[in-house]
Amino acid sequence: MFTVLQISDTHLSQRLPRFNANWAAAARVVAQQASELIVHTGDAALDGPDHAADLRFAAAALRAGIGPEGPRLRCVPGNHDVGDRAFITPHQPTTDETIAAHAAALGPASWVEDPPGWRLIGINTQVLGTATAAEEAQAQMLAEAALTLGDRRLALFLHKPPFLHHAEEGDAGYWTVPPEERGVLAPLLESPHLRLIASGHLHVQRLVRKGPVMHAWCPATSFVVGPALMPDTHGGERCLGILRHRFCADTVETEALPVPFAEPIVLDPIVDEIYPAPRARETAAD
Ligand SMILES: [Fe+2]
Ligand SMILES: [Fe+2]
C-alpha cells in the first residue's frame, strides 16, 4: 500500500498574496501525513498565463511548504496556470508557450508513474482541443499508456473533471472536459482497471464511488466559490481541504482532510480585485 496526497487550487502569487497563508496552513496538514507523493491538480498559480512570475512563486512556495525532506511533487496545470480553450477565455488561450512556462516552474504537464501494481497518469485538461504540439504529444502519451497498462490498476489526476455525473452527459461549459474532447480519454475512462479519477477546478469537495471507481473532487486550499459565482455545487460541499488517497491492491480509499487553520475566504465579494476584467464572470472563479 502507498499513499498519495492530493492538493489543488492553491492560487499562489507574490503580487496578490491573499491566499498564500491558506497554503501555509494546508502545508501543516501535509507535514502530518506520511506519503510518498503529492499531486497538485492545478491552479497552482493565481494568474500564470499573464504573470509567469506567479508560476515561479507558486513553485517556490509549494516546495517550501512541503520541505526538502517531504514527498515528491507532481503537478498538472489548471486554467489559471496555462489558460483554457480560446472560446472560453479568449484573452488567455492555452499555448505551447504557456505550457512551457508552467513546465519550467512546476514540471511536466502530462506524466506517467508506475508504483508497484499501479499506473498513475497526470493529464493536462487545458490542452485538449487547442491543436497545439503539446496536445498531440499528450495524445500519443495517453494512447501508449493505455496500450501498455497490462494488469496494473489505473488512477487519473487532472484539473477539470471529465464530466460532472456521467460520461455521456452533454457540454457543461467551463466546468468539465467538453464531450468532443473526451475521446482521447476514453481508453482510460473505459478501462476495467480504472480505480480513481482525481480532479480539482470546482473548489468543491465531492467523493463519489461508482462501482470500483472513486470520483474525487479535491477542494481548494485557497478559497471557496460562493453561490453568486457558482450557484450549483453539483452535489459537493463548499469547503477548503486536501485529499488522502490510500492505494491498496485493487482499490483506492480516499479521505478528505480539513485544514483547521485556513481562513474560509469566499471569492465572490473580492473577485474583481483578484481577477479584474477582461474575463467572463462565471469562468474566472475557479
Ligand atoms: Fe480552475
Ligand atoms: Fe481554481
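Any read-out appearing in this document is the output of simple, stated calculations on the displayed coordinates, not a laboratory observation. All values derive from a computational prediction rather than experimental measurement. Because the Cβ atoms are built from the backbone with ideal geometry, glycine has one as well, and the counts that use them run over all protein chains shown.
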Share, in percent, of DSSP beta bridges within the chain that are antiparallel, nearest 5: 45 percent
Rg [Å, one decimal], Dmax [Å, integer] - segment 137-187, C-alpha atoms: 12.1, 35
Estimated translational D of segment 69-214 in µm²/s (Stokes, Kirkwood radius over Cα pairs; 25 °C; 0.890 mPa s): 156 µm²/s
Isotropically averaged projected area of the chain, using the convex hull of Cα atoms (one quarter of hull area), nm²: 13.0 nm²
Vicinal HN-Hα couplings computed from phi for segment 198-211 (Karplus, 6.51 cos²θ - 1.76 cosθ + 1.60; Hz; Gly/Pro x): 10, 10, x, 6, 7, 6, 9, 9, 8, 10, 10, 9, 10, x
From phi via Karplus (6.51, -1.76, 1.60), per-residue ³J(HN,Hα) for segment 229-242 in Hz, x at Gly/Pro: 8, 9, x, 10, 8, 6, x, x, 10, 7, 7, 9, x, 9
Fraction of alpha-carbon pairs over 16 Å apart in segment 81-155 - percent: 52 percent
Candidates 147, 156, 229: whichever shows maximal mean-square fluctuation once the chain is modelled as a Gaussian network with Cα springs under 10 Å: 147
Integer Hz, Karplus 6.51/-1.76/1.60 couplings in order for segment 62-79, x for Gly and Pro: 5, 5, 5, x, 6, x, x, 9, x, x, 5, 10, 10, 10, 10, x, x, 4
Whether segment 1-147 is rounded, prolate or oblate, judged on the alpha carbon gyration tensor where a/c under 1.5 counts as rounded: oblate
Full-stretch length increase - residue 14, residue 190 - with 0.36 nm per residue and alpha-carbon distance subtracted: 59.2 nm
Rg over Rh [alpha-carbon atoms, Kirkwood Rh] for segment 188-286: 1.05
Calculated FRET value between residue 137 and residue 234, using beta carbons and R₀ = 22 Å, to 0.05: 0.10
Mean-position separation - Cα centroids, segment 193-269 and segment 1-45, in angstrom: 13 Å
Neighbour-count order for 13, 199, 8, 35, fewest beta carbons within 10 angstrom listed first: 35, 13, 199, 8
Prolate/oblate/rounded label for segment 1-72 (Cα gyration tensor, a/c 1.5): prolate
Dipole moment magnitude, nearest 20 debye, segment 2-284 about Cα centre, only Lys, Arg, Asp, Glu C-beta charged: 740 debye
Under-5 Å amide H pairs with residue 109, H placed in peptide plane, nonlocal only: none
